[in-house]
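Trainee: Below: one structure in structure tokens.
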Amino acid sequence: MTSHKVRIVVVTREDGTLVGTGPAPKESTGPGIRARLVAGPGQRLEEIELELDEALLASNDAAALHARIREHMAGSRKTGRGRSR
């Protein structure tokens, strides 16, 4: 099965609970509407890069994606990897 590296912005609470996700911002190539996630009080944004297989990407299964993100973030916290915003 083919996999792809995907950059995702993750919103978490201070205790690490996953609140939401969105695509990582891309470089702008001109005028247009831009949107981004914003952390609320007691939340933080973290940009992560995941290796996801095509089946998960095609499934639109948010629960499976969030489970994969939680797994990745648990490993990142142990190694100190990950980039907060």
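Trainee: With a sphere of radius 12 Å drawn around the Cβ of S59, what net charge do the other residues whose Cβ falls strictly inside it have (Lys, Arg +1; Asp, Glu -1)?
Mentor: On the way: positive: R68; negative: D53, E54, D61.
Combined, the nearby Lys, Arg, Asp and Glu give -2.
Trainee: Applying the Karplus parametrisation 6.51 cos²θ - 1.76 cosθ + 1.60 with θ = phi - 60° to the phi angles of the range 57-66, what ³J(HN,Hα) value in whole Hz is obtained for each residue in order, glycine and proline being reported as x?
Mentor: 4, 6, 6, 6, 8, 4, 4, 5, 5, 5
Trainee: Taking amide H positions as placed 1.01 Å from N in the peptide plane, with prolines and chain starts having none, which residues 5 or more places from G20, or on another chain, fall under 5 Å of its amide H?
Mentor: V11
Trainee: A further question follows. Using each residue's phi in the range 39-47, evaluate 6.51 cos²θ - 1.76 cosθ + 1.60 at θ = phi - 60° and report the 3J(HN,Hα) Karplus result to the nearest Hz, with x for Gly and Pro.
Mentor: Values per residue, Gly and Pro as x: 7, x, x, x, 10, 9, 9, 9, 9 Hz.
Trainee: While we're here: Taking a ≥ b ≥ c as the square roots of the eigenvalues of the Cα gyration tensor of the range 3-66, is the shape rounded (a/c under 1.5), prolate (a/b larger than b/c) or oblate? Working shown, then result.
Mentor: Working: a/c = 2.09, a/b = 1.03, b/c = 2.02.
Judged from the Cα gyration tensor, the range 3-66 comes out oblate (a/c at least 1.5, b/c at or above a/b).
Trainee: With a probe of 1.4 Å, find how much accessible area the chain has per residue, and write the answer as a whole number in Å².
Mentor: Normalised by residue count, the accessible surface of the chain is 72 Å².
Trainee: Still on this model: Output ³J(HN,Hα) for the range 19-24: one whole-Hz value per residue in order, computed from phi by the Karplus curve 6.51 cos²θ - 1.76 cosθ + 1.60 with θ = phi - 60°, and x for Gly and Pro.
Mentor: 9, x, 9, x, x, 5
The values are calculated or read from the model by the stated rules, or taken from the named source; none is laboratory data. Note that the structure is predicted; figures quoted are calculated from it, not measured. Glycine also receives a Cβ, built like all others from the backbone with ideal geometry; neighbour counts cover every protein chain displayed. Just so you know, the surface numbers come from the protein's heavy atoms only, side chains and all, with ligands and any DNA or RNA stripped out. Shrake-Rupley method; radii C 1.70, N 1.55, O 1.52, S 1.80 Å.
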